[in-house]
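Here's the structure we're looking at; comments come further down.
The values are calculated or read from the model by the stated rules, or taken from the named source; none is laboratory data. Quick caveat: nothing in here was measured; it's all calculated off a predicted structure. Because the Cβ atoms are built from the backbone with ideal geometry, glycine has one as well, and the counts that use them run over all protein chains shown. For accessibility, only protein heavy atoms count, side chains too; no ligands or nucleic acids. Shrake-Rupley method; radii C 1.70, N 1.55, O 1.52, S 1.80 Å.
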Amino acid sequence: MSHPLPLSRRRFSAALGASLVLPFAAPAQAQAQAFPNKPIRILVPFAAGGPTDLMARAVGKNLSTSMGQPVIIENKPGGGGVIAMGEVARGPADGYTLVFPSILAVTNPALMANYPFDTLRDFAPLTVVGYIPHALVVRPDFPAKDLQALVAMAKAAPGSVNYGSSGNGTSAHLGAALFAQRADIKVTHVPYRGAAPAVQDLLGGQIQFMFLDMSSALAQIKTGKLRALAVAPANRFAGLPEVPTVAEQGYPGFNVHGWYGLFARSGTPAPVMQTLYAEVKKALASAEIRELFQNYGIEAGGMPPEDYTEIVRKDLAMWKRTVDQLQITLQ
């Protein structure tokens, strides 16, 4: 039969038990309390000057002020985002190096035969920073006034209508290819090295239409340099409320959107992820960033990591289906 320990021994045992637990709990607590205690790097997989760079620098400036540490933006273009993402995937899971990919993070696994990452295994989605809708644009004097007229033109002379994009495998390319499939038209894709030369050829008549992200399209549409026949997301774009969606013009369920979000290395401690998310969400709610984004046709994000992870999961499956159906490759 066991006997209860004297009070003094019970207290000693309880104290001993606590001392055995605390050393294991302390590092995680200390890490959360100390974060950040050195500069944070945000790797942008594209050259300086584009919408991703603009968003990263705006958010980084805000985070640097609110978190009391420098936030360094590093442009690491190349390999369709693989170079920048690889540096995060191979680095420590401590939250000090983040990557800011576009939806290439979910389209590249479908397009690249030997894509080196598993997006959900190797990365921890933090939050969407911004959404950039696409518009289907034509030159101002183009004879088609709506999607039905454009489709009729393409069907009357199969293969005679060309569409451009900012590059193979981009959301602009995939969105236009998906539209062509839904409309059952035979059109020719002409890829460019960026949106600017594609717009130049659109105005010159070498291509007849393109899907253009709103950060590049909005000002040109408002000044009359380009004309929008439709917007690609499920809902109308607040900056161009008079322009109907693709879905409204006879293609129900059509919904092509571009998101830009932050990823950390998988395994980053939950308290660090929570700190980063809270700070980014606060930055995106600031009047300064909301005004800047609005001027560039960007809708601010800010969803929690678990919701962003679910979007990434669904988009990975959706673009895999789309790429397989359309037999698109990067070759």
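General remarks:
- When the test is whether a residue is farther than 25 Å from Leu316 by Cα and either outside any loop (DSSP other than H, G, I, E, B) or of a type in the set (A, V, I, L, M) (or both), Thr65 passes it.
- For the range 30-62, the set of residues classified as in a helix (DSSP H, G or I), closer than 16 Å to Gly130 by Cα and touching a helix residue (DSSP H, G or I) at 6+ places or on another chain (Cβ under 8 Å) consists of Pro51, Leu54, Met55, Ala58, Val59, Asn62, listed by residue number.
- For the range 111-132, the count of residues that are under 22 Å from Ile311 (Cβ atoms), of a type in the set (D, E, K, R) and part of a loop (DSSP other than H, G, I, E, B) is at least one.
- For the range 103-151, the set of residues classified as in contact with a Pro (Cβ under 8 Å, 6 or more places away or on another chain) and aliphatic (A, V, I, L, M) consists of Leu104, Ala124, Leu126, Ile132, Ala149, listed by residue number.
- Top-ranked residue in the range 204-227 [being among the hydrophobic types (A, V, I, L, M, F, W, C), within 23 Å of the chain's Cα centre (by Cα) and under 23 Å from Asn168 (Cα atoms); ranked as surrounded by the most Cβ atoms within 10 Å (Cβ to Cβ)]: Phe211
- The C-beta contact set for the range 163-191 (first residue touching a residue at least 12 places away in the same chain (Cβ under 8 Å) and assigned to a helix (DSSP H, G or I), second residue among the charged types (D, E, K, R) and buried (at least 16 other Cβ atoms within 10 Å of the Cβ), distance under 7 angstrom, 6+ apart or interchain) comprises Ala172/Asp213.
- Complete set of residues in the range 47-93 that are under 19 Å from Arg121 (Cα atoms), touching a Ser or Thr at 6+ places or on another chain (Cβ under 8 Å) and open to solvent by 30 Å² or more (accessible area, probe 1.4 Å): Glu87, Ala93
- Selection count, the range 213-240, where residues are outside any loop (DSSP other than H, G, I, E, B), among the charged types (D, E, K, R) and more than 15 Å from His257 (Cα to Cα): 2
- Being at pLDDT 95 or above and under 19 Å from Phe293 (Cβ atoms) holds for only one residue in Ile221, Ile185, and it is Ile221.
- Every residue from the range 186-203 that is aliphatic (A, V, I, L, M) and buried (at least 19 other Cβ atoms within 10 Å of the Cβ): Val187, Ala195, Ala198, Val199, Leu202
- Of all residues in the range 75-96, those being outside any helix (DSSP H, G or I) and within 17 Å of the chain's Cα centre (by Cα) number 4.
- Of all residues in the range 54-76, those that are under 14 Å from Thr97 (Cβ atoms) have Cβ atoms under 7 Å from Cβ atoms of residues that are of a type in the set (Lys, Arg), 6 or more apart or on another chain, in Gln69/Lys38; Ile72/Arg41; Ile73/Arg57; Glu74/Arg41.
- Within the range 109-152, the residues that satisfy the criterion of being free of Cβ contacts under 8 Å to residues at least 24 places away in the same chain and within 26 Å of Ile221 (Cα to Cα) are Asp141, Pro143, Ala149, Ala152.
- Among the residues of the range 143-180, those identified as out of contact with any helix residue (DSSP H, G or I) (no Cβ under 8 Å at 6 or more places or on another chain) and surrounded by fewer than 16 Cβ atoms within 10 Å (Cβ to Cβ) are Lys145, Ala149, Ala152, Lys155, Ala156, Ala157, Pro158, Gly159.
- Screening Val129 with (1) over 17 Å from Val44 (Cβ atoms); (2) within 11 Å of the chain's Cα centre (by Cα) gives one miss only, at (1).
- For the range 110-129, a tally of residues being over 16 Å from Thr329 (Cα atoms) and among the hydroxyl-bearing types (Ser, Thr, Tyr) returns 2.
- Among the residues making up the range 264-282, a single one is surrounded by 19 or more Cβ atoms within 10 Å (Cβ to Cβ) and basic (Lys, Arg): Arg265.
- Count - residues of the range 302-315 that are modelled with pLDDT under 95 and open to solvent by less than 40 Å² (accessible area, probe 1.4 Å): 1
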